[in-house]
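Student: This is the structure, below, for whatever I ask next.
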Amino acid sequence: MNSREKYNKRTGFAQILDEAVSSCPEREAIVYGSTRISYGELDRLINKTANMLLSDGIGKGTPVALISRNTPEFLIAEFALYRIGAVPVKINWRLTPAEMEDLLDVNGVTNAFMRAEKKQWGEELVAHYHSKFRFFPLACHDGEPSLIDFVSSYSDSRVETVLDDGDVSCRLHTSGTTGRAKGVVYTHGAMLDEIETVRGMYGYEPGQRYQFIAQLFHSAAIGAHLCLATGGTLVLMSRFEVGEYIESLIKERITAISVVPTVLKWILDETEKQGYDLSNISVVRYSTCPIPPALLERAIKLMQCRFYQSYGMTEMGSIVTTLQPGDHTDGVPGHLTSVGRPIPGAKVRVVRPDGSDCDCGEIGEIIVQGPGHMLCYYQLPELTEKVFSDGWYHTHDMGYLAEDGYLSISGRADDMIISGGENIYPSEITNVIMQLTDDVRECAVYGVPDETWGERVKASVVLVQGSSMTPDGIRAYCRANMPSFRVPKEIEILGELPKNPSGKVLISELKARSQS
């Protein structure tokens, strides 16, 4: 038996719902447009789906993919898989069919819950796998049955599987330095440890009405899980459009939100222009990318509520440090621009290249420990060993610790771009642009500061002599050959790229030009 006080059953991660199902079965658990699902109904739908899966031969340890925008059915399928001990394999719905096929094959998946973003992409996947693969519906279009319809005839009798802390709970994906997604493996115990640690210190409360727009395939899904674990109402949105978002804030009497800086800025702009009453909001959580201090101060002044910040990463079960509400208003220099202090059970060090600890205020690489740490990268033992050293995860983030233990982020040790909360690697874009072999000779992709997105993707391109290719033409090619969030927002044509004597492109010079 583990040492957790609240989540100590041998039923795995799905037990986080038990408290709300028992104490408030009639309360709304999930709101999605006109769809409203109580905790009691959610439990019944999860059981029906679990019984359907068992009848189809899917059980403990079976990997099953989840491919969809946010829908209630995604959560129903996810928790049904947890309940029978199967392993949800979460895949970014924005990826192309070829990218999805690669991840499905690597993960050994032969079953998937899918709501294809583009009908053609879905048809391509189904055709590619023929009869070797079972696709279950989620929330479908054109009169097709949804998951709720699909499982309606199955028993809603309770399904529980004996699970230990070390049993694998799920896999999700994070991009690597080459741009290829890595599978991050979680265990039931680590996920439960993270939820139990964070639930009492990050502003989640019974009855809270929480509007959620982060994607459920992300590690940010911990926000949805925490809401359900504490008996809140999860107001789920599949996309962000500022008018719809604010309308929902008002109509659904939202009391808590989690935002990236982009969304926070739009909320403030629209509220000031239209005079919206957002007085119901008592909690704002923000994370994923740096937030301009002026924007944060503006939000604190306008919204007059509790603000929480978190810092973490997929490999650590999401949250490692938090900046608490009091830290936002105590006036202590450095607190408002920091990411706070470690959560209980987590540790943070900042180290030099030789592994020795940096002095307070000295910038170095951030390494961390925490309750929600991953088990491993899926089928990548050498990489797992490389990123973990003596139990410490090497984040490749750069930062420094203050004397009072508050952590500040200075940048990244690699070239990853964080734009609107999405992790983007330059090679993912360079590899596509360089397919224009008749027109493009060289290309460099990098991030530049952006008030709206945190960073925006910029590409500097050298054309083949005689080419008439334009930035608009390159952008159109990118749109047709990669997910939209990777498409460069700025493309410039240069005569040559700056290089050092060894021929390496000087990204720092390109960035400096962009900011001058």
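Student: Return the distance in nm (one decimal) between the two label points of a simple spin-label model at Arg10 and Thr470, each offset 7 Å from Cα along Cα→Cβ.
Tutor: 6.8
Student: Follow-up. By how many nm would the segment from Glu270 to Ala127 grow when fully extended, if each residue of separation counts as 0.36 nm and the alpha-carbon distance is taken off?
Tutor: Gain in length upon complete extension: 47.0 nm.
Student: Now for a separate question. Residues with beta-carbon under 12 Å from that of Pro25, excluding Pro25: net charge, scoring Lys, Arg +1 and Asp, Glu -1?
Tutor: So the surrounding residues net to -4.
Student: Can I ask one more? Can you give the % of DSSP beta bridges in the range 417-515 that are antiparallel, to the nearest 5?
Tutor: Here the share of antiparallel DSSP bridges comes out near 75 percent.
Student: For Leu302 and His396 in the same chain, what is the full-extension length gain: residue separation times 0.36 nm, less their Cα-Cα distance, in nm?
Tutor: 30.3 nm
Student: Right, something else. Between Leu295 and Thr110, what is the FRET efficiency for a Förster distance of 45 Å, r being their Cβ-Cβ separation, to the nearest 0.05?
Tutor: With R0 = 45 Å, the Cβ-Cβ based efficiency is 0.45.
Student: Between Ser153 and Gln120, how high is the FRET efficiency from 1/(1 + (r/R0)^6) when r is the Cβ-Cβ distance and R₀ = 30 Å? Nearest 0.05.
Tutor: The formula returns an efficiency of 0.45 here.
Student: Something else now. By the gyration tensor of its Cα atoms, with a ≥ b ≥ c the square roots of the eigenvalues, what is the shape of the range 119-254: rounded for a/c under 1.5, prolate for a/b over b/c, or oblate?
Tutor: Cα axes put the range 119-254 in the rounded bin.
Student: In a shell of Cβ-Cβ distance under 14 Å around Thr11, excluding Thr11 itself, what net charge do Lys and Arg (+1) and Asp and Glu (-1) give?
Tutor: After counting each charged neighbour, the total is 0.
Student: Please compute the modelled spin-label separation between Glu247 and Asn431, points set 7 Å along Cα→Cβ, answer in nm with one decimal.
Tutor: Taking the simple label geometry, Asn431 and Glu247 are separated by 4.0 nm.
Student: For Asp357 and Glu382, FRET efficiency with R0 = 25 Å and r from the beta-carbon atoms, rounded to 0.05?
Tutor: Efficiency, from the Cβ-Cβ distance: 0.40.
Student: Among the DSSP beta bridges whose two residues both lie in the chain, what percent are antiparallel, rounded to the nearest 5?
Tutor: 60
Student: Also, I was wondering about something else. Rank these for me by crowding, Ser419, Ser467, going from fewest to most other beta carbons within 10 Å.
Tutor: Fewest to most other Cβ atoms nearby, the residues stand as Ser467, Ser419.
Student: Here's another thing I want to ask about it. Does the range 417-515 come out rounded, prolate or oblate, given a ≥ b ≥ c as the square roots of the eigenvalues of its C-alpha gyration tensor, rounded meaning a/c under 1.5 and, failing that, prolate meaning a/b above b/c?
Tutor: It is oblate, given that a/c is not under 1.5 and a/b is not larger than b/c.
Student: Mind checking the range 212-297 for chymotrypsin sites (Phe, Trp or Tyr not before Pro) that DSSP puts in a loop (not H, G, I, E or B) and that have at most 15 other Cβ atoms within 10 Å?
Tutor: Phe240, Tyr276
Student: The range 190-216 to the range 339-368: how many Å between their Cα centroids?
Tutor: For the range 190-216 versus the range 339-368, the Cα centre distance is 25 Å.
Student: Given the Cα-Cα distance of Val505 and Ser3 and 0.36 nm per residue of separation, how much length would full extension add, in nm?
Tutor: 175.5 nm
Student: What longest region of the chain stays clear of GluC sites (Glu not before Pro) that DSSP places outside H, G, I, E and B and that have at most 13 other Cβ atoms within 10 Å?
Tutor: Here the longest segment lacking exposed loop sites spans 27-240.
Student: If you put +1 on each Lys and Arg Cβ and -1 on each Asp and Glu Cβ, how big is the dipole of the range 410-516 around its Cα centre, in Debye rounded to 20?
Tutor: 80
Student: Another one. Using a basic spin-label model with each label point 7 Å from the Cα along Cα→Cβ, how many nm lie between Asn280 and Glu205?
Tutor: Those two pseudo-labels are separated by 1.5 nm.
Student: Rank these for me by crowding, Tyr154, Tyr377, going from fewest to most other beta carbons within 10 Å.
Tutor: Tyr154, Tyr377
Just so you know, all these numbers are worked out from the coordinates, no wet-lab data involved. Everything numeric in this text was worked out from a predicted model, so none of it was measured. Quick reminder, even Gly has a Cβ in these numbers, built from the backbone with ideal geometry, and neighbours come from all protein chains shown.
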